[in-house]
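The values are calculated or read from the model by the stated rules, or taken from the named source; none is laboratory data. Treat the numbers as computed from the prediction; the structure is a model and nothing was measured. Note that each Cβ is placed from the backbone with ideal geometry, even for glycine, and that neighbours are counted across all protein chains shown. The area values use the complete protein model at the heavy-atom level, side chains included, leaving out ligands, DNA and RNA. Shrake-Rupley method; radii C 1.70, N 1.55, O 1.52, S 1.80 Å.
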Amino acid sequence: MLQVTDIRENKDKYVKALAKRGIDANSVLDEVLKVDEARRSAQGQLDEVLAKSNSYSKEIGKLFKSGEVQKANELKEETTQLKESSKQLNEQMLAEAEKLQQLLYTLPNIPNDLVPAGTDEDDNEEIFSEGEVPKLMEGALPHWELAKKYDLIDFELGVKVTGAGFPVYKGKGARLQRALITYFLDKNTSAGYTEYQVPLLVNEASGLGTGQLPDKEGQMYHVGVDDLYLIPTSEVPVTNMFRGNLLNHADLPITCTGYTPCFRREAGSYGAHVRGLNRLHQFDKVELVRIEHPDKSYEALDGMVEHVKDILRELKLPYRILRLCGGDLGFTAALTYDFEVFSTAQDRWLEISSVSNFETFQANRLKLRFKDTDGKNKLAHTLNGSALALPRVLAGILENYQTEEGIKIPEVLVPYCGFDIIN
RNA sequence: GGAGAAAUGGCAGAGUGGUCGAAUGCGGCAGUCUUGAAAACUGUUGAGGGUCACACCUCCGGGGGUUCGAAUCCCUCUUUCUCCGCCA
């Protein structure tokens, strides 16, 4: 959520920045400022009335104590009018505050200066690529065929048990999956991230905190009886552990990693491009979350990018890094780098990590602050990134590492798997 | 799931209708003393809004109510603890 206090002073900055997302925010921001003004004015009047009424109450207390009952009762009469107007002003103030909140909820984060202008994924900027695309043998197969051939993943079984998009991993497929999770967590913890295991169901307040609610309700599975949401990413429970916190500047940065399954309804996406592991309702992901001092957050973002690069280098997968353009940037992000692995047999790029700086956008909703060296309380910056999302990494490995003899296991994973080839 | 008790500042813990934003202790910070440190002593020490700065307003688990006035009384929700039942 954007900060009204800042919009008040730098409206033009917001108009300009949001234009990069293709949003003409001028009139909305004017409305924001109008409602904010109305809210503050009601607040001011309310404060005045309350101050008067408080002082009357004190006076009445004193009068009763000194036995001047008559006078006290007279004063009481006077407060009834105050009470009435304070009630009205309070309602007015709350109504304006609610209106303001709703308006702010509709506005996405403002993009960083580095974000290129653009309307969709075609305008994303490739900033880096690395790794060799292997020359596959004649008759190379896409991963869903490979999964079938080597009995690694059973999609039909998942359909039977649950529905489409809920694959069953089996035998060496399951083992490879587990190996990847452990390997990722090891990489992350040795880079200094603290490992967490967090709840897979979250309450409404958490969904609001990280920005999944109220806008993207349809993306999450909702458990109606208990009013809980299945997490679409561990970013939600991990970041929300710090909701409402007032940290000390010395506590920063806070760095977390966690493995969780992720659940996404993905309503409306069907067809060939979601085949196999390309898009699922349930998938595994190892996530990184950082809470940073505002002065350090972009340095930290670069550090996360380097960290993910390091993992992909070790896995020896061909990948590229995109800087998302304004039109493709997520609602809550100020700057995002997407990592894509080249899926050889499908001849397409698959997103396997997304690393973002949210600046204060989430922190403002989360009320996640820290006491800076100057003694002032400030909103922290939050960042997160996948390291990594499992299914597409698995798809990339299966497709890129297929040979006549079978699927080779990347060297770095062999100790985790206990085998070096699937055949 | 049943019965009971509780929720107060960083922590512990007073406070049952008015002078309580809240005693006291610990912790934190500053100072005195000391070559330095410890101890001791003195002072200071919650958050948010608002203001140039004051004033002023709000917050004692969340929400609602009674009252001129609520940490204190009532309703409700949540959480924690104790006992019983069930259970990976």
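Restricting attention to region A:337-382, the residues that are in a helix (DSSP H, G or I) and among the aromatic types (F, W, Y) total 1. Within region A:38-58, residues that are part of a helix (DSSP H, G or I) have Cβ atoms under 6 Å from residues that are near RNA strand B (Cβ under 6 Å from one of its atoms) and at pLDDT below 90 in these pairs: A:S53/A:T79; A:Y56/A:T79, counting only partners at least 6 apart in sequence or on another chain. When A:G330 is tested against the conditions (1) surrounded by 21 or more Cβ atoms within 10 Å (Cβ to Cβ); (2) at negative phi, the lone failure is (1). Scanning region A:3-18 for residues that are buried (at least 16 other Cβ atoms within 10 Å of the Cβ) and more than 15 Å from RNA strand B (Cβ to nearest atom) gives A:K11, A:Y14, A:V15, A:A17, A:L18.
Consider A:V28 carefully, then state whether it is under 12 Å from A:L107 (Cα atoms), surrounded by 14 or more Cβ atoms within 10 Å (Cβ to Cβ) and out of contact with any strand residue (DSSP E or B) (no Cβ under 6 Å at 6 or more places or on another chain). Considered against the rule, which asks whether it is under 12 Å from A:L107 (Cα atoms), surrounded by 14 or more Cβ atoms within 10 Å (Cβ to Cβ) and out of contact with any strand residue (DSSP E or B) (no Cβ under 6 Å at 6 or more places or on another chain), A:V28 comes out as yes.
Only one of A:D302, A:D328 is free of Cβ contacts under 8 Å to residues at least 60 places away in the same chain, charged (D, E, K, R) and not in a strand (DSSP E or B). Can you tell me which? After applying the criteria, what remains is A:D302.
Just so you know, in region A:36-54 the residues that are touching a helix residue (DSSP H, G or I) at 6+ places or on another chain (Cβ under 7 Å) and not aliphatic (A, V, I, L, M) include one that is most open to solvent (accessible area, probe 1.4 Å), and it is A:K52.
Filtered by the rule that a residue be in contact with an Asp or Glu (Cβ under 8 Å, 6 or more places away or on another chain) and open to solvent by 50 Å² or more (accessible area, probe 1.4 Å), region A:237-264 gives A:H249, A:P253, A:Y259.
Residues are listed down the side, and each one gets a yes or a no for (1) among the hydroxyl-bearing types (S, T, Y); (2) in a helix (DSSP H, G or I):
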site: A:M1; (1), (2): no, no
site: A:L18; (1), (2): no, yes
site: A:I23; (1), (2): no, no
site: A:D30; (1), (2): no, yes
site: A:S86; (1), (2): yes, yes
site: A:Q101; (1), (2): no, yes
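Of all the residues in region A:170-227, those that are part of a helix (DSSP H, G or I), open to solvent by 70 Å² or more (accessible area, probe 1.4 Å) and closer than 29 Å to A:H307 by Cβ number 5. If you go through region A:128-144 and keep only what is surrounded by fewer than 16 Cβ atoms within 10 Å (Cβ to Cβ) and under 34 Å from the mean Cα position of the chain (by Cα), you end up with A:F128, A:S129, A:E130, A:E132, A:V133.
For region A:228-236, does any single residue satisfy the condition of being under 14 Å from the mean Cα position of the chain (by Cα), among the acidic types (D, E), closer than 17 Å to A:F358 by Cβ and open to solvent by less than 30 Å² (accessible area, probe 1.4 Å)? There is at least one residue in region A:228-236 that is under 14 Å from the mean Cα position of the chain (by Cα), among the acidic types (D, E), closer than 17 Å to A:F358 by Cβ and open to solvent by less than 30 Å² (accessible area, probe 1.4 Å).
Considering region A:400-414, the residues that are in contact with a Phe, Trp or Tyr (Cβ under 9 Å, 6 or more places away or on another chain), of a type outside the set (S, T, N, Q) and in a helix (DSSP H, G or I) include one that is surrounded by the most Cβ atoms within 10 Å (Cβ to Cβ), namely A:L413. In region A:55-85, which residue that is of a type in the set (V, I, T) and near RNA strand B (Cβ under 8 Å from one of its atoms) is surrounded by the fewest Cβ atoms within 10 Å (Cβ to Cβ)? Ranking the qualifying residues of region A:55-85, first place goes to A:T80.
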